[in-house]
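Taking it in order: structure first as structure tokens, then the write-up.
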Amino acid sequence: MEDAIIDNLNRMLSNWNEYFLKMWNLLTTSPKQFKNTGGGNSFLWMLTEYAYDTLTGIGVGLLVLFFLIGVVKTSSTYTDVKRPEIIAKLFVRFALAKLAITNGKELLVNLIDFTQAVIGTSLREVTDRAMHYAGVTSPTEITLPGEVVSAVHEGLGFWNSIGLWLLTFIGGLLVIALSFIMLLTIYGRFFKIYMYIAVSPLMMSTFAGEPTQNVGKGFLKNFIAVCMEGLVILLAFAIFTVYSSLAPVTFDASASPSTIVWGYLIELVLNLLVLVGSVKMCDRIVKEMMGQ
């Protein structure tokens, strides 16, 4: 039974390390290369570009509609529309909105590339230096402490062994569930980026009218927030990695073997729950940073 407990613990940590590394690599992957099995851009990205091109024509139609709505709402009389400064203002607004629709994809892609560049260079350097100071060479160095192994082999008793085996089995399932929750959050970020880019011609058309321009502004702010989610999640992973190394689990030598194992599992699960909570709150954290 003792060997079965150790196997459950090692399997639990191995699963966590595997999922953690997968999530770490996903955060440094560009949306253009997400789920890419060959050269060039991924099929998902090409499908997004096709949807963008298809909706561009509809966006141009909405551009005219929102422009006319803006003219009616901002000009009280026909005389106002005939004023040169008003005509120039309306013409510039229409031209900029048209430019945003036809070239909006390039703007959004540049924002994505900038975010990925920050993740791949600046933030990675900060993370590597922090892990160096903590004595960690990899973000997946969570291993089973020797004190826990010794406590299990010291003799837990039959009933304690059954209870701890069941606890470690449930703990392994919990780790898998928490990993899936974080993976869904990261996958969801990719799909949000694809959807934002696909429908951007419709949203950009709202800049043609002054009464509707707030919709376009809100769209751009939310898109930037989605891009920034990757930075916040990766920073949370880096902080968690360093924290786990600088504040390892402490063991009371006078405690019973079962108490040592229980204490280790509880502290490990609490740390993982804190990380999951930080990842799930990343969208709200970014919006608070941006004043939304």
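Below are the figures for this structure:
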read-out	value
Matching residues in region 32-58 - criterion: being at pLDDT below 85, surrounded by fewer than 12 Cβ atoms within 10 Å (Cβ to Cβ) and on the phi < 0 side of the Ramachandran plot	Thr37, Gly38, Gly39
Answer residue from region 81-104, given it is farther than 16 Å from Gly216 by Cα and surrounded by 13 or more Cβ atoms within 10 Å (Cβ to Cβ) and is modelled with the lowest pLDDT among those	Val81
Residue under evaluation Ile193, criteria (1) surrounded by 20 or more Cβ atoms within 10 Å (Cβ to Cβ); (2) at pLDDT below 85; (3) among the β-branched types (Val, Ile, Thr), criterion not met	(2)
Any hit, region 280-287, residues being modelled with pLDDT under 75, surrounded by 13 or more Cβ atoms within 10 Å (Cβ to Cβ) and part of a helix (DSSP H, G or I)	yes
Which listed residue, of Phe240, Phe180, Phe223, is modelled with pLDDT of 85 or more, buried (at least 18 other Cβ atoms within 10 Å of the Cβ), under 24 Å from the mean Cα position of the chain (by Cα) and aromatic (Phe, Trp, Tyr)	Phe223
Checklist (1) within 24 Å of the chain's Cα centre (by Cα); (2) in a helix (DSSP H, G or I) applied to Pro31, failing item	(2)
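The values are calculated or read from the model by the stated rules, or taken from the named source; none is laboratory data. Note that this is a predicted model, so its numbers are computed, not measured. Note that each Cβ is placed from the backbone with ideal geometry, even for glycine, and that neighbours are counted across all protein chains shown.
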